[in-house]
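Notes to accompany the following structure.
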Amino acid sequence: MILVFAETQEGKVKKSAFEAVYYGAKVAADQGTTCTALLLGQAADGGHLGRYGASEVLQVDHPSLSAFDSSTFSKVLASVAQDKKATLVILPDSANGKSMLGQVAILLKAGAIRGANALPEIKEGGMEIGRAVFSGKAFAICRVDTGVAVISLAGNTLKPVAEGNEVVVKKVETVVPSPRTRVVNVRRTTGIVPLPEAEIVVSAGRGMKDPSNWGLVEELAEVLGATTACSRPVADSGWRPHHEHVGQTGIAIRPNLYIAIGISGAIQHLAGVNSSKVIVVINKDPEAPFFKAADYGVAGDLFEVVPQLTLALKRFKEAHH
Amino acid sequence: MKLLVAISQTPETTARIAFKDGGTAFDSTGVNYIMNPYDEWYALVRALELKEEKGGTVTVIHCGPATNDVTLRKALAIGADDAIRVEMEPASAYSVAHEIAAHAADAGYDLILTGKETIDFNGALVGSMVAGLLDLPFISHVSKMVMQGDTVLVTRDIEGGVEEIEVSGPFVLSAAKGLAEQRIPNMRGIMSAKTKPLQVVSPVGTDLPDRHIRFSVPPAKSAVKMIDPSDMDTLVRLLHEEAKVI
Ligand SMILES: Cc1cc2nc3c(=O)[nH]c(=O)nc-3n(C[C@H](O)[C@H](O)[C@H](O)COP(=O)(O)OP(=O)(O)OC[C@H]3O[C@@H](n4cnc5c(N)ncnc54)[C@H](O)[C@@H]3O)c2cc1C
Ligand SMILES: Nc1ncnc2c1ncn2[C@@H]1O[C@H](COP(=O)(O)O)[C@@H](O)[C@H]1O
């Protein structure tokens with residue numbers, strides 16, 4: 001069977017968990033097995049996971065799981081995977097998912113694949129799954145022959161569709177080791193879709209000239225319901241927070257739409273963003289390297305183009321409502 | 001404090017990425033190698049800062065062939081006290097983690113630092129695996145760390161924010177941007193690195209539960225469609241009708 005760690009945040013199932021369950025259910029259907037989702041800690045809406053293909057939703061609810069401890073979470077996930085004889089364990093490719101991946105692989109003596117971005121294929125008894133390597137500059141097929149594989153699923157791999165029914169969450173009892181770390185504070189910019197999960201990203205670079213000009217970028221992001229990002233020098237000079245920095249040494253993203261404003265398109269920047277499905281580049285220099293990686297290009301002054309684009313989008317949204 | 005930093009070596013960020021032998025192996029022809037930025041800029045430098053604050057030693061460990069000694073010498077030039085190289089061709093995160101754990105098992109390190117991920121295979125696995133093998137607490141994506149007496153206050157990057165975590169006793173972390181500032185080795189460092197101990201050890205060896213078997217580079221994008229800057233309505237229409245992303 002296939003076991004999905006359905007990550008939660010503030011007592012609610014995360015979007016990436018629905019994606020992971022949807023992916024897990026597709027794999028399960030291919031392999032003639034079932035997909036079970038596992039909730040660790042509290043979650044009010046766990047039953048929804050059934051709609052995305054989980055035939056069973058399990059929950060370990062224990063005070064020691066109220067805050068994230070990588071080791072405790074990994075051990076509980078691994079013990080449920082062992083009890084259930086899971087052959088594939090799926091985690092989200094989030095900070096928590098990634099931090100657990102290696103530990104779960106060790107505990108299960110399983111092969112580990114970080115950032116799977118395609119459905120697996122079974123070949124000669126082993127499992128082969130695609131993933132991005134070299135920060136998105138290349139693809140690789142990774143093969144696992146151990147009988148059990150643990151993977152983290154890259155965001156936006158499949159678009160989840162609610163095709164199934166709500167299921168009743170089943171509580172399970174298992175040993176929960178005491179956490180050895182203690183979360184004392186969580187600070188989150190609320191109301192914003194985190195970059196790795198965002199379907200639309202509006203990103204800006206040094207061409208913005210000054211941090212006080214970011215209103216332009218934020219207005220555009222707002223009409224699109226997009227998350228904002230930036231190039232490395234912008235984050236390095238403190239114009240924008242570090243967590244917005246995308247690229248080879250920042251966050252690697254693959255949204256459906258990436259709009260790059262005043263970014264030259266250096267190889268290290270492209271590395272983290274060129275897996276985006278559609279790329280729009282706005283740059284006043286028609287020779288900017290980014291245009292070679294773009295689907296749509298606008299060679300013009302961002303201070304004129306971006307407000308025009310925002311207005312055009314507003315007109316479009318009004319006409320389509 | 002006794003500190004261990006895991007150092008990896010990766011192609012330079014501008015290196016041409018190509019594959020050979022029918023797409024089964026990375027083509028390193030003409031490729032220059034660097035110390036993985038997360039290891040060099042953040043993990044190593046923060047370890048050195050801790051040593052400067054609290055006293056102790058910083059050991060660097062690398063799993064790789066003799067050609068990679070230059071990377072370890074650079075780590076020594078930046079300020080590490082001694083280096084260990086496990087003589088092997090690293091074939092997966094698992095094999096590397098195994099060697100690091102075998103070395104660290106009885107060595108009494110207070111803290112083991114790795115980078116967030118390598119910029120070539122982007123595994124983000126080694127730190128987590130080392131923690132799993134040694135049954136130590138693991139904190140990933142650490143962007144700040146301050147000592148408060150016996151406990152350590154760690155700031156960890158999470159999606160769209162940060163988490164502050166307290167931990168005491170030995171643990172493993174993976175280092176992210178913000179943890180420290182890059183240090184450029186000075187002449188004295190470079191000279192002294194030549195005589196600092198670099199020990200080469202044989203691997204304990206493991207099986208390989210996973211391996212990369214085939215590689216490819218993405219097909220070149222079809223030519224960009226240029227849009228008249230004064231006609232954003234057309235861009236919006238294309239994004240809706242053609243690209244179907246809005
Ligand atoms: C080891 C290493 C790792 C790196 N990792 C990353 C990474 O992860 N992410 C990253 O982003 N970078 C990274 N870099 C840096 C990278 O090489 C580039 O320096 C950086 O991406 C450039 O940022 P930029 O495009 O914002 O600025 P610039 O290169 O200065 O480009 C600004 C662009 O804005 C345009 N422009 C200016 N004014 C206007 C206007 N009025 N209207 C429209 N366009 C305008 C210009 O034509 C220019 O193309 C890394 C570098 C190294 C060496
Ligand atoms: N060959 C290696 N030798 C020593 N440490 C390594 C090696 N490969 C990776 N690491 C460490 O593990 C971290 C994460 O690597 P990875 O899991 O491969 O992305 C790196 O940033 C290094 O700190």
Contour minus Cα-Cα distance for residue B:20 and residue B:237 (0.36 nm per residue): 73.9 nm
Average partner coverage of B:8-18, which counts Cβ from other chains inside 10 Å: 3
Residue B:208 - accessible surface, heavy atoms, 1.4 Å probe, Å² rounded to 10: 70
Two-site label geometry, residue A:83 and residue A:45: point separation in nm, points 7 Å out along Cα→Cβ: 2.7
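Only helical DSSP H runs with n ≥ 4 go in: add -39500 (n - 2.57) per run for chain A, normalise by residue count and round the 222 nm mean residue ellipticity to 500 deg cm²/dmol. Can you show the working numbers first?
Numbers: 7 runs with 85 residues, N = 321.
For chain A, the value works out to -8000 deg cm²/dmol.
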DSSP-defined antiparallel bridges as percent of all bridges, the range A:99-172, nearest 5: 75
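Mind giving me the FRET efficiency for residue A:173 and residue B:217? R0 is 60 Å, r the Cβ-Cβ distance, nearest 0.05 is fine.
On the way: r = 49 Å, r/R0 = 0.82.
That pair, residue A:173 with residue B:217, gives E of 0.75.
Working out 0.36 nm times the residue gap between residue B:201 and residue B:186, then minus their Cα-Cα distance, what length gain in nm do you get to one decimal? Write down the numbers at each step before the final one.
Numbers: separation 15, 0.36 × 15 = 5.40 nm, distance 2.84 nm.
Result for the pair: 2.6 nm of gain on full extension.
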Dipole axis of the protein assembly as shown (+1 Lys, Arg; -1 Asp, Glu on Cβ), positive-most option in A:99, B:24, A:155: B:24
Centre separation in Å (Cα based) which lies between the range A:211-263 and the range B:116-191: 25
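Could you rank the peptides A:46-54, B:196-204, B:138-146 by their average count of other C-beta atoms within 10 Å per residue, with the highest value first? Mind dumping the intermediate values first?
Working: A:46-54: 24.2, B:196-204: 13.4, B:138-146: 22.0.
Descending mean neighbour count gives A:46-54, B:138-146, B:196-204.
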Spin-label model distance (nm) - residue A:213 vs residue B:110, 7 Å beyond Cα toward Cβ: 4.7
Cut-off 14 Å between beta-carbons: net charge of the residues surrounding residue A:310, Lys and Arg +1, Asp and Glu -1: -3
Packing rank of A:186-192, B:239-245, where each peptide gets the mean count of other beta carbons within 10 Å, highest leading: B:239-245, A:186-192
Amide N proximity, the range B:109-148 versus residue B:89 label position 7 Å along Cα-to-Cβ, cut-off under 17 Å: B:121
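By its C-alpha gyration tensor, with a ≥ b ≥ c as the square roots of the eigenvalues, how is the range A:130-195 shaped: rounded for a/c under 1.5, else prolate for a/b larger than b/c, else oblate? Intermediate results must be reported in sequence, preceding the final value.
Numbers: a/c = 1.35, a/b = 1.25, b/c = 1.08.
Note, shape of the range A:130-195 comes out rounded.
Pairs to check: A:14/B:244; A:14/A:75; B:116/B:244; A:26/A:159; A:284/A:317. Give those whose C-alpha atoms are more than 23 Å from each other in this structure. Write out the running numbers ahead of the final one.
Details: A:14/B:244 25 Å; A:14/A:75 21 Å; B:116/B:244 35 Å; A:26/A:159 12 Å; A:284/A:317 27 Å.
In this structure, A:14/B:244; B:116/B:244; A:284/A:317 exceed 23 Å between Cα atoms.
Rounded, prolate or oblate: pick one for the range A:196-287, where a ≥ b ≥ c are the square roots of the eigenvalues of its C-alpha gyration tensor, a/c under 1.5 means rounded, and failing that, prolate if a/b is larger than b/c, else oblate.
Numbers: a/c = 1.20, a/b = 1.09, b/c = 1.10.
In terms of gyration-tensor shape, rounded.
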Helix runs (DSSP H) in chain A reaching 18 Å along axis by Cα, Kyte-Doolittle at least -1.0: A:15-31, A:70-83, A:95-108, A:302-319
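For the protein assembly as shown, give the magnitude of the charge dipole about the Cα centre (Cβ charges: +1 Lys/Arg, -1 Asp/Glu; no others), in debye to the nearest 20. Show your work: numbers first, answer last.
On the way: 56 positive and 64 negative charges, 70 e Å.
For this selection, approximately 340 debye.
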Efficiency of FRET from Cβ geometry, residue B:67 and residue A:187, R₀ 56 Å, rounded to 0.05: 0.80
Candidates B:155, B:234, B:195, ranked by Gaussian network fluctuation over chain B, Cα under 10 Å, top entry: B:234
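What does the charge add up to near residue B:58, with Lys and Arg as +1, Asp and Glu as -1, over the other residues with Cβ less than 14 Å from its Cβ? Please report the intermediate quantities before stating the final value.
On the way: positive: B:2, B:46, B:51, B:54, B:74, B:183, B:196; negative: B:39, B:40, B:49, B:52, B:53, B:81, B:82, B:110.
Residues near residue B:58 contribute -1 overall.
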Relative contact order [Cα under 8 Å, 6+ residues apart], chain A, whole percent: 14
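Can you tell me the dipole magnitude for chain A around its Cα centre, using point charges on the Cβ only (Lys, Arg +1; Asp, Glu -1), in Debye to the nearest 20?
Approximately 520 debye in magnitude.
Report the antiparallel proportion of the DSSP beta bridges in the protein assembly as shown as a percent, rounded to a multiple of 5. List each step's numbers first, then the result.
Details: 45 of 117 bridges.
Counting only bridges with both partners in the protein assembly as shown, antiparallel ones make up about 40 percent.
Dividing the Cα radius of gyration by the Kirkwood radius, what Rg/Rh value follows for chain A? Write down the numbers at each step before the final one.
Details: Rg = 21.0 Å, Rh = 20.9 Å.
Value, to two decimals: 1.01.
Grab the beta carbon distance between residue B:31 and residue B:144, set R0 = 45 Å, and tell me the FRET efficiency rounded to 0.05. Spell out each step's value before the answer.
Working: r = 33 Å, r/R0 = 0.74.
Between residue B:31 and residue B:144 the formula returns 0.85.
Partner chain Cβ atoms within 10 Å, averaged over the residues of A:169-179 - can you pull that number for me?
Values: counts 0, 0, 0, 0, 0, 0, 0, 0, 1, 0, 3.
Partner-chain Cβ atoms within 10 Å, mean over residues of A:169-179: 0.
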Bridge type composition, chain B - antiparallel percent by DSSP, nearest 5: 40
Partner chain coverage, peptide A:267-278 - average Cβ within 10 angstrom: 2
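Which of the residue pairs A:84/A:171; A:137/B:225; A:98/A:277; A:98/B:54; A:209/B:144 have a Cα-Cα distance greater than 19 Å in the structure shown? Show your work: numbers first, answer last.
Numbers: A:84/A:171 14 Å; A:137/B:225 22 Å; A:98/A:277 23 Å; A:98/B:54 31 Å; A:209/B:144 29 Å.
From A:84/A:171; A:137/B:225; A:98/A:277; A:98/B:54; A:209/B:144, over 19 Å: A:137/B:225; A:98/A:277; A:98/B:54; A:209/B:144.
Calculated from DSSP H runs of 4 or more alone, at -39500 (n - 2.57) each and per residue, what is the 222 nm mean residue ellipticity of chain B, nearest 500? Could you put the intermediate results ahead of the total?
Details: 6 runs with 58 residues, N = 246.
So the calculated ellipticity at 222 nm is -7000 deg cm²/dmol.
The values are calculated or read from the model by the stated rules, or taken from the named source; none is laboratory data. This structure is a prediction, so every number in the text was calculated from the model and none was measured. Every residue, glycine as well, gets a Cβ built from its backbone with ideal geometry; the counts of neighbours run over all protein chains shown. Note: accessible area is taken over every heavy atom of the protein model, side chains too, but ligands, DNA and RNA are not part of it. Shrake-Rupley method; radii C 1.70, N 1.55, O 1.52, S 1.80 Å.
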